[in-house]
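The values are calculated or read from the model by the stated rules, or taken from the named source; none is laboratory data. What you see is a predicted model, and the numbers here were worked out from it, not measured in a lab. FYI the Cβ positions are ideal-geometry reconstructions off the backbone, even for glycines, and counts take in every protein chain you see. The accessibility values were calculated without ligands, DNA or RNA, using every heavy atom of the protein model including side chains. Shrake-Rupley method; radii C 1.70, N 1.55, O 1.52, S 1.80 Å.
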Amino acid sequence: MNRPETENRDLFAIADLSQEFGISTRAIRFYEAKGLLNPERVGGTRVFRRRDRARLILILRGKRLGFSLRDISDYLSLYDAQSQTAQTKLLVAKVDERLDLLERQKADLETTIGELREIRKLAGERVGA
């Protein structure tokens, strides 16, 4: 994802970011509409800076990890304020919440899988399979 030729650039077109990160230009415009990205305009053209690219990396990482756009927005707001302590505390709290949820879901899945295996076993015994 992070190629040296893109990291050293200062300006990016929407198509550049779309291609680099394998997402649609529509997705990038969506993040802009939600206030997560704020590209400059040159005429009618969006011009993204290195900062916007870094924010897009954080947005995509947050989404991949299952955070809501609201959580990502809150985190980026602190990123903008350059409050590393507050940003880190929020990150830890959100990560803990996400881990707790995923652990509960994992336990639920393990229970469900166990129950399904038991049902399959009992049903298989009835039909002689």
Estimated [θ] at 222 nm from DSSP helical runs (n ≥ 4, -39500 (n - 2.57)) normalised by residues in the chain, nearest 500: -24000 deg cm²/dmol
Once the in-chain neighbours fewer than 8 apart are removed, the lysines whose Cα is under 27 Å from LYS94 read LYS34, LYS63, LYS106
Run the quick spin-label model on ARG64 and GLU125: label points 7 Å from Cα toward the beta carbon, then report their separation in nm to one decimal. 4.6
If one takes the longest principal axis of the Cα atoms in the chain, at what angle in degrees, from 0 to 90 and to the nearest 10, does the Cα axis of helix 69-81 lie? 40
Leaving ligands, DNA and RNA out of it, rank TYR75, TYR31 by accessible area with a 1.4 Å probe, largest first. TYR75, TYR31
Which of THR88, THR25, THR45 moves most in a GNM of the chain, Cα contacts under 10 Å? THR45
Over the heavy atoms of SER68, what accessible area does a 1.4 Å probe trace out, to the nearest 10 Å²? 50
Connecting C-alpha atoms closer than 10 Å in a GNM of the chain, tell me which of ARG26, ARG117, ARG53 has the biggest fluctuation. ARG117
ASP108 accessible area, assembled protein chains, probe 1.4 Å, Å²: 100
Rounded to the nearest 20 Debye, what is the dipole magnitude of the chain about its Cα centre when Lys and Arg each give +1 and Asp and Glu each give -1 at the C-beta? 340
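With a/c under 1.5 counting as rounded, go ahead and sort the range 22-121 into rounded, prolate or oblate using the C-alpha gyration tensor (a ≥ b ≥ c being the square roots of the eigenvalues; past the cut-off, prolate if a/b is larger than b/c, else oblate).
Numbers: a/c = 4.55, a/b = 1.94, b/c = 2.34.
Judged from the Cα gyration tensor, the range 22-121 comes out oblate (a/c at least 1.5, b/c at or above a/b).
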